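Undergrad: Have a look at this one before I ask anything.
The values are calculated or read from the model by the stated rules, or taken from the named source; none is laboratory data. Since this is a predicted model, take the numbers as computed values, not measurements. Please note: Cβ atoms are built from the backbone with ideal geometry, for glycine as well, and neighbour counts cover all protein chains shown. The accessibility values were calculated without ligands, DNA or RNA, using every heavy atom of the protein model including side chains. Shrake-Rupley method; radii C 1.70, N 1.55, O 1.52, S 1.80 Å.
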Amino acid sequence: MPQQINWLLAAKLNPSVTVLIIGSVLGTVIASYFPQWQRPLFFGGLASSDYWRFVTPIFLHFGLVHLIFNCLWLSMLGSRIEQMSSSLHLLLLVLVTGVVSNVVQFVWSGSPYFGGMSGVVYALLGYIWIKDKVVPDPQLQLPPGIIGFMLGWLVVCMTGILDLLLGVGVANGAHLGGLIIGMLLGLIFGLISRLKKR
């Protein structure tokens, strides 16, 4: 019972993170059980007038491990930003970085068939990392080793070894694009916060 209360409290404290996780769960159900519904959710290409398809790939997950991995990172990183800034700030951050990471992945691979929240996760990581460097804040600080682990994982994925050993396609363009746009936004908002404090 106390665990249920903790989940409810976390959901109330972090409504945007909760909505994003629910969206990811729904995307996983669609990807797993309703493949005919996937097409309108995959990236639409740069010439597409289906503008929602610039964002919707972030909610598509292909398997339980993919979903859990991304939701754990999203809850850890997103809740820090939501608590420190606001729910709207996090949602806008996810929207912008989701679009950028999806576009980079499409340009990188040439294929619209990809999905997952990991590009956004890397964006949130980059945002927190750089913003905390510019304007240190205990609320933003990550446990030691997290940055190194995630950067190491990025490099491992880019070697193609996971594709070779596990037959798993990794959206390397989304990871790298997300990290870069997240770092840039972290720098911008960090500088804005520093100016406000003067």
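Undergrad: Pick from 59, 42: which is crowded, with 19+ Cβ neighbours inside 10 Å, in contact (Cβ under 8 Å) with a residue 40 or more places away in the chain and over 14 Å from the mean Cα position of the chain (by Cα)?
TA: 42
Undergrad: In the stretch 176-198, how many residues are open to solvent by less than 50 Å² (accessible area, probe 1.4 Å) and β-branched (Val, Ile, Thr)?
TA: Residues flagged as open to solvent by less than 50 Å² (accessible area, probe 1.4 Å) and β-branched (Val, Ile, Thr) within the stretch 176-198 amount to 1.
Undergrad: Taking the options 140, 179, name whichever one is modelled with pLDDT of 90 or more and not aromatic (Phe, Trp, Tyr).
TA: The match here is 179.
Undergrad: So, of the residues in the stretch 67-113 that are over 16 Å from the mean Cα position of the chain (by Cα) and farther than 17 Å from residue 173 by Cβ, which turns out to be surrounded by the fewest Cβ atoms within 10 Å (Cβ to Cβ)?
TA: Across the stretch 67-113, the extreme among qualifying residues is 86.
Undergrad: In the stretch 31-50, what residues are part of a helix (DSSP H, G or I) and either at pLDDT 90 or above or hydrophobic (A, V, I, L, M, F, W, C) (or both)?
TA: 31, 37, 41
Undergrad: Right, next: So is residue 49 closer than 18 Å to residue 118 by Cα and of a type outside the set (A, V, I, L, M, F, W, C) or not?
TA: no
Undergrad: If residue 149 satisfies all but one of (1) within 17 Å of the chain's Cα centre (by Cα); (2) open to solvent by less than 60 Å² (accessible area, probe 1.4 Å); (3) without any contact (Cβ under 8 Å) to a residue 24 or more places away in the chain, what's the number of the condition it fails?
TA: Single failed check for residue 149: (2).
Let's see how each residue does on (1) open to solvent by less than 90 Å² (accessible area, probe 1.4 Å); (2) farther than 19 Å from residue 100 by Cα:
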position: 8; (1), (2): no, yes
position: 14; (1), (2): yes, yes
position: 32; (1), (2): yes, yes
position: 36; (1), (2): no, yes
position: 49; (1), (2): yes, no
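Undergrad: Now for a different question. Looking at the stretch 18-29, can you tell me whether even one residue there is within 16 Å of residue 178 (Cβ to Cβ) and assigned to a helix (DSSP H, G or I)?
TA: So far as the stretch 18-29 goes, yes, one or more of its residues are within 16 Å of residue 178 (Cβ to Cβ) and assigned to a helix (DSSP H, G or I).
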